[in-house]
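The values are calculated or read from the model by the stated rules, or taken from the named source; none is laboratory data. Remember, it's a predicted structure, so these values are computed and weren't measured experimentally. Ideal geometry is used to build each Cβ from the backbone, glycine not excepted, and the neighbour counts take in all protein chains shown.
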Amino acid sequence: MDQTSNLAKKLQNKFLQKILDNIPENLKLEQKEIIGTIIYKSPDVEAEKYNISRCLFFDKYNDIIIEFTTKLEENFSHCNLSSFYHNMETVEIKDKVEDLTTLIKKILFQDVYAFYKIEKNIIQILQKKSQKKLYAILFHELLHLSTRKKIGNIQYSGFYQYNKKTNSKIGKYLNEGYTEDLNQKYFIKNDRNTYKQAKNFARAIERIVGVKKMQELYFDSDLYGLIEELEKYCRKEAIFNLINKIDYYCEQYYMHGYNNNKIYEEILSMIANIHRNKLLIDLSEKKIDEEEYKKKKLLYCDDLENGRLNSDNIEVEEYQEYYLITDKEAHESHFYMKNPLEYKTNDLKISKK
Ligand SMILES: [Zn+2]
């Protein structure tokens, strides 16, 4: 594409974006109020699936976008990818700092390599990195773009919701964690340490909701739907507290480098409790048998409470006093005492004498 038509296309897109993003000022969004915060239902976005090649005017980033699109369409055909096609029409990728807020961000957060501006649909690159790192960074930001919706004052990005008018935010780090989890599993196909704790929380929640369902909710930017799904197993206030606690812990950790272990454990314990309720319901509805119940409770509730996030590739061997759990993915084994409380009490009795 030559320079003039390139510019013409960009202008046309900017105009299109204005129309698409701003129509529904008076649209009544279904909402849920929890402890004073309103969570909005995610509206449908109209967009046709099309060959992404007609959006490719990003020069050095085109290859990354093509690879992203291929992997997205390959792995998430069961999800609604309308937001991706819709936002690709108008996205801008900037690798130069053009405003003061971005400059401050670049100076203050030296380990932030890029970020996505939901309101304006801009991917802003802050630090130049190796080609391999650039792929990982852009895939992450493109996932944010693929789950972005803007309806009047309400901005959605995956499980994150922001109301510009009231300045209320929720789900930022559940969203970051899940975004990075998908990035590592399906796009860069590699483990990296980015958002590790947030990723652990998101993964443990995905285990309750189910992989397919969680992915569908994510691409629909449907925090409302996620809460409804978890409400089958606990009160909405408890879910709200969990999501806020994740935000609080992660904000302290990622923004101020402070690791509040007590809160980390509380979050794991909250997720474990929801999962326990789910397993009890599954057992009573005969969706799982006693054996599977015992195993899943051990692996995904009791173990989680002890800070252990087991993979899906797990083998459990039962012995008289303990279970031997082997995680084949992490090449690790550990014991789980069947009755740790009794064990400790006996210990105490001995030391008292
Ligand atoms: Zn992000």
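Apart from one condition, G307 fits all of (1) assigned to a helix (DSSP H, G or I); (2) closer than 30 Å to Y113 by Cα; (3) in contact (Cβ under 8 Å) with a residue 24 or more places away in the chain; (4) more than 19 Å from the chain's Cα centre (by Cα); the exception is (1).
This table checks each residue for (1) more than 19 Å from N175 (Cα to Cα); (2) not polar (S, T, N, Q).
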| residue | (1), (2) |
| --- | --- |
| N241 | no, no |
| N244 | no, no |
| D247 | no, yes |
| E251 | no, yes |
| Y254 | no, yes |
| N260 | yes, no |
| L268 | no, yes |
| L283 | yes, yes |
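The residues in the stretch 115-154 that are within 14 Å of the ligand (Cβ to nearest atom), more than 16 Å from the chain's Cα centre (by Cα) and more than 19 Å from K60 (Cα to Cα) can be counted, and the count is 1. Checked against (1) surrounded by fewer than 16 Cβ atoms within 10 Å (Cβ to Cβ); (2) away from the ligand (no atom under 15 Å from the Cβ); (3) part of a helix (DSSP H, G or I), T102 passes all but condition (1). Among the residues of this structure, I170 does not count as one that is away from the ligand (no atom under 12 Å from the Cβ), under 15 Å from N310 (Cα atoms) and not polar (S, T, N, Q).
Go through N175, N167, N193 for me and flag whichever is under 9 Å from the mean Cα position of the chain (by Cα) and among the polar types (S, T, N, Q).
Values: N167 fails: under 9 Å from the mean Cα position of the chain (by Cα); N193 fails: under 9 Å from the mean Cα position of the chain (by Cα).
Answer to the check: N175.
Just one of the listed residues (F139, F187, F219) is touching a residue at least 24 places away in the same chain (Cβ under 8 Å), of a type in the set (F, W, Y) and under 24 Å from I34 (Cα atoms), and it is F219. Taken over the stretch 310-338, the criterion of being surrounded by 13 or more Cβ atoms within 10 Å (Cβ to Cβ), within 27 Å of the chain's Cα centre (by Cα) and charged (D, E, K, R) is satisfied by D327 alone.
Looking at G158, is it within 14 Å of the ligand (Cβ to nearest atom) and over 23 Å from H86 (Cα atoms)? Reasoning before the result, please.
On the way: within 14 Å of the ligand (Cβ to nearest atom): yes; over 23 Å from H86 (Cα atoms): no.
It is false that G158 is within 14 Å of the ligand (Cβ to nearest atom) and over 23 Å from H86 (Cα atoms).
Might you check whether a residue that is outside any loop (DSSP other than H, G, I, E, B), buried (at least 21 other Cβ atoms within 10 Å of the Cβ), among the hydroxyl-bearing types (S, T, Y) and at pLDDT 95 or above occurs anywhere in the stretch 237-248? No, the stretch 237-248 has no match at all.
Among K344, K297, which is at pLDDT 80 or above and not in a loop (DSSP other than H, G, I, E, B)? So the residue among K344, K297 that is at pLDDT 80 or above and not in a loop (DSSP other than H, G, I, E, B) is K297.
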